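Laboratory data are not the source of any read-out in this text; all were calculated from the coordinates shown. Computed from a prediction, not measured in an experiment: that's the story for all the values here. Neighbour counts run over all protein chains shown; Cβ positions are idealised from the backbone, glycine included.
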Amino acid sequence: MASNDSSQPFPVRGAVALVTGANRGIGRVLVAALLGRGAAKVYGGVRYPRTIDTPGVIPVPLDITNPGQVAAAADTCADVTLLVNNAGIFRGSPLLANPADRDVRDEMETNFFGTLSMTRAFAPVLGRNGGGAIVSVLSVQSFIPYAGWGSYAASKAAALALSNAARDELAGQGTRVMSVHSAVIDTEMSAALVLPKIPAEAFAEALLAGLEAGQREVLVDDLTRQTKAVLCDYPAKRPAW
C-alpha cells in the first residue's frame with residue numbers, strides 16, 4: 001500500500017485553481033478568496049458559464065455528471081495545480097421513509113460519482129504539473145448521518161471514502177488530498193433550513209488556511225469537531241443535533 005503522507009503545505013499564491021460549482025454559494029466565495037490570496041489563475045466550472053460574475057474568474061462549461069464535459073475541462077484546464085471539488089446537491093430526503101429512489105440517485109450521481117469523475121480526470125493533469133492538490137468540500141454528515149437527510153449523508157460518506165482512497169493512490173505523484181467538513185453553511189442551498197449557519201466566508205478561510213498548513217482534514221466548526229470526536233463511540237454515543 002502506498003504511503004498516504006502526501007499532505008504538505010500547499011501555497012495558494014501562484015496556484016492555478018479550478019473550482020466546481022463556482023457561480024454561487026461556497027464556490028462563488030471560494031473563487032474570490034483564491035484570487036484574494038494571490039492565485040495566478042482561477043477557473044470556475046459551472047453548467048452555465050454566463051452565471052460567473054466574479055471578476056478575474058475564467059468560466060468553464062462543466063456539469064460534473066457529464067463525462068464529455070469533464071474530459072473537455074481537463075483538456076481546457078491543463079495547467080491546473082489545485083482542484084476544488086465543490087459542486088454538490090442536497091435533496092433533504094431520508095433513505096427509507098422516501099419510497100422513491102430519485103433523490104438518493106441524484107445525490108450519489110453528483111456528490112460521489114461526479115466527484116470521482118473529476119478526480120480521475122484531473123489526477124493526471126496534477127501529476128504533470130508537479131503533484132498539486134485536490135480539495136473536496138464534504139460535510140459533518142460524512143461522519144455521522146442525520147436520519148432525515150440520509151441520502152445526502154450516504155453520498156458525502158462515500159465522497160469521504162473517495163478522498164481518503166485518492167490520498168493513498170496519488171501519494172506517489174505528490175498530490176495532496178484534503179477533505180473539508182462543516183455543519184450548515186449560509187448559502188442558497190440552505191436558505192430554507194432554520195438552523196445555525198456558518199458564513200461562507202469563514203468556511204472558505206478555514207479551507208484555504210488548512211490547505212496552506214498541509215492539513216489532510218479540516219473541521220470547520222465546533223459541531224463538526226464534536227461529532228468527529230465521538231465517532232469511535234458511535235452509535236452508543238452521538239452528537240446532540
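Assorted remarks:
- The chain: most fluctuating residue of 87, 165, 121 per GNM, C-alpha cutoff 10 Å: 165
- Non-local lysine pairs in the chain, meaning eight or more places apart or on different chains, with alpha-carbon distances under 22 Å, amount to 5.
- Evaluated at q = 0.09, 0.15, 0.18 Å⁻¹, the base-10 log of the normalised Debye intensity for the chain, with identical point scatterers placed on the Cα atoms, takes the values -0.35, -1.02, -1.49.
- Taking every full run of DSSP H in the chain, the ones that stretch at least 15 Å from end to end by Cα along their long axis and average -0.5 or higher on the Kyte-Doolittle scale are 25-36, 115-128, 150-169, 200-213.
- Comparing the stretch 57-163 with the 2.2 N^0.38 Å rule of thumb, its C-alpha radius of gyration ratio is 1.15 (two decimals).
- FRET efficiency for residue 101 and residue 79, using Cβ-Cβ distance with R0 set to 45 Å, rounded to 0.05: 0.70
- Taking every alpha-carbon pair under 8 Å whose residues sit at least 6 apart, the chain reaches a relative contact order of 22 percent.
- About its Cα centre, the stretch 16-233 has a charge dipole of approximately 240 debye under the convention of +1 per Lys or Arg Cβ and -1 per Asp or Glu Cβ, with nothing else charged.
- Compactness of the stretch 83-123, taken as the C-alpha radius of gyration over 2.2 N^0.38 Å, stands at 1.34.
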